[in-house]
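Here the structure comes first, spelled out in structure tokens, and everything after it is commentary.
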Amino acid sequence: MKPFLLLFVGLICWTNLWGQKSDYATCNGSVSISANAVYRLNFLGKSKHDQGNLFGYAKEDSVTTNTIWLNYTPATSGELSLQILGCKTPLSIYILECPVENACKKIEDKEANLLFHESIPSANQTTKFPNLFLPEGKTYYFAFNAKKNSRDSLAVKLGFEAKTETGEKIVDSVLLDMAHVYGVPIYHLIIIDEHTKLPVTARIYLSEAGNLDGTYRASHLFLNNSKKLKATIRLDAQGYFSKDLLLHKIDGSHDTYDTIALSSLSKGSTAKLDDINFVGGLAIILDESMPKLKRLKDFLVLNGGIAIEIQGHVNGEGKNNLSAQRLSKKRAEKIMRYLIDNGVDSRRLSAVGFGNTKPIFIDPKDDNEREANRRVEIQIN
């Protein structure tokens, strides 16, 4: 995951988690955001006084309905930081703490806890606000209120670091030490977050690895091993892209260390689906692709709160043409149909074909480069 993911929303409606369109000037249409990402949204130019949601939470002469609503539910307790990176119009900022269930109703009934309120004339330069401690088990709504009719742009970054109330960092770490034979080399497998470099507890599936075969749950796994192996390692962790390593070499002649980084899920982040192949020139999935499609389905089951866009790409010379566009979209739709037929909610899925407009290699030199262009990717929506 890139540490500063910039998301642009310039439309009147935001496409929410399930692909339905919502007006983010209301609490019920609020945008669910990720931590440590930058969002840029436009005020929608609303022109009425707010007689409900925000009215009454602060002593102001007027609260308009011209509001940008965001929401965030942290998985653990932690420290919140908020920065306004740019906004020309005067702002009133509200942070409201609510129960996870019926949060907008609690806000409307004035039963939410107002954690923070401040008005600023504008934010031509980065404006930082004091950090807040957020306990787990709550959800948080951020309301940015502007004057009537304003359609100015707001750029905002929410930072979050998992911590206890006493300020200690919370580390997702499970040590599983199964190396019980003295004098035999030890294989160390360590799973970390690609961005933070902190440990991540994952389900680790080892196969074709002799006595090491099995399913484990750990961030640090230690196993005795005295053989040279070419193993399959599959990693799954909630909140991260799954990762598969095929024919992965493990040297058993001495202690060995593998550190594998997983990429966090965030809106707009993408991942390539390796080993999904089609009949040449057709939208027919080859049987050899079924294990990878099942992995994709399992990934969506593990991360039930995300929606994805399936993106098809083909390799083709010259300008993109209609047949390449159609083929790439049909292939993406075939994958979407497999997922729906295997129990994934269709509202979490969409498919698009890019034809040959986004090649990895603009001028492929060999079959490997052509194959790299002919691919399927998923994007988190």
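All of the numbers you see were taken from the coordinates with simple rules; none came from a lab. Just so it is clear, the structure is predicted and the values come from calculations on it, not from any experiment. Cβ placement follows ideal geometry from the backbone for every residue including glycine, while neighbour counts extend to all protein chains displayed.
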Determine which aspartates and glutamates satisfy two conditions relative to K88: a Cα distance under 13 Å, and not lying fewer than 8 residues away in the same chain.
-> D152
Cα→Cβ-extended label distance, 7 Å offset, between F133 and S346, nm | 4.9 nm
Among L176, I204, A103, pick out the residue whose Cα is farthest towards the positive end of the charge dipole of the chain, where Lys and Arg carry +1 and Asp and Glu carry -1 on C-beta, about the Cα centre.
-> A103
Please give every one of the aspartates and glutamates within straight-line cross-link reach of K106, meaning a C-alpha to C-alpha distance under 15 Å, and leave out same-chain neighbours fewer than 8 residues apart.
-> E97
Check: region 116-201 dipole with +1 on Lys, Arg Cβ and -1 on Asp, Glu Cβ, in debye = 600 debye
Separation between the T126 and S77 pseudo-spin-labels, each 7 Å from Cα along Cα→Cβ, expressed in nm?
-> 2.9 nm
Among the lysines, which have Cα under 27 Å from the Cα of K330 when same-chain residues fewer than 8 positions away are ignored?
-> K21, K243, K267, K272, K292, K294, K297, K319, K358, K365
Please compute the net charge surrounding E377, taking Lys and Arg as +1 and Asp and Glu as -1 over other residues with Cβ under 12 Å from its Cβ.
-> +3
Nearest 10, in degrees from 0 to 90: the angle of helix 322-341 to the longest Cα principal axis of the chain is 90 degrees
Over the chain: helical MRE at 222 nm, DSSP H runs n ≥ 4 each giving -39500 (n - 2.57), nearest 500 | -3500 deg cm²/dmol
Please work out whether region 143-281 counts as rounded, prolate or oblate from its C-alpha gyration tensor, where a ≥ b ≥ c are the square roots of the eigenvalues and a/c under 1.5 means rounded, while otherwise a/b larger than b/c means prolate and anything else oblate?
-> oblate
Measure nothing but the geometry: give the 0 to 90° angle between the long axis through the Cα atoms of 290-302 and the longest principal axis through the Cα atoms of the chain, rounded to 10°.
-> 30 degrees
Just in region 44-105: which trypsin sites (Lys or Arg not before Pro) are loop by DSSP and have at most 14 other Cβ atoms within 10 Å?
-> K48, K59, K88
